[in-house]
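Below: one structure, written as structure tokens.
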């Protein structure tokens, strides 16, 4: 193993950061497509408006991540983009033909995963001294947590939550945990 490939070496941290941002860029595409189908499937106007706003936030995050990838001299991975775009479109379609709970639960779980992904990227950016990227990722983390809380609030108390939580291990954050 060369020194440049050693874990903790700046080159390895940078490579990890780029991979996380590439995954996040493609993931935001999937989320945006899924949320487009999700908000169109909802009957309540307030829910439709909020999920449409969340879709818009995902597009905004995608644009931000793209700019940060470019600043690192990197680009999205086309195959990953195609895969995630297809997955997002598929799940957006499922929202149109499925029930109410599954998309709400899946979205909350996805947002929790996104938060961890952005926290990992932020820590890598901090280790590299990329203060502008750290600040941008902090902002994205706040928004992702907001999304998780909103979807979690929709799921809390639903009769299917214990079943879904047993299968997928995500539970909506308790109000006291929100700080």
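Throughout, read-outs are computed from the coordinates displayed, never taken from laboratory work. Since the model is a prediction, treat every value here as computed from it, not as a measurement. Neighbour counts are summed over all protein chains in view; Cβ atoms, including those assigned to glycine, are modelled from backbone coordinates with ideal geometry.
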- Query: Which shape class, rounded, prolate or oblate, goes with segment 39-97 when its Cα gyration tensor gives a ≥ b ≥ c as root eigenvalues, a/c under 1.5 marks rounded, and past that a/b bigger than b/c marks prolate?
  - Reply: oblate
- Of 159-167, 54-62, 92-100, ordering from highest average Cβ density within 10 Å down gives 54-62, 92-100, 159-167
- Descending Cα extents along the principal axes, the chain, whole Å: 54, 35, 29
- Query: If you find the alpha carbon centre of segment 1-70 and of segment 150-176, how far apart are they in angstrom?
  - Reply: 23
- From the Cα gyration tensor of segment 1-52, with a ≥ b ≥ c the square roots of its eigenvalues, which class applies: rounded if a/c is under 1.5, or else prolate if a/b is larger than b/c, or else oblate? prolate
- Project the alpha carbons of segment 22-63 onto their principal axes and report the range along each, largest first, in whole Å. 34, 14, 8
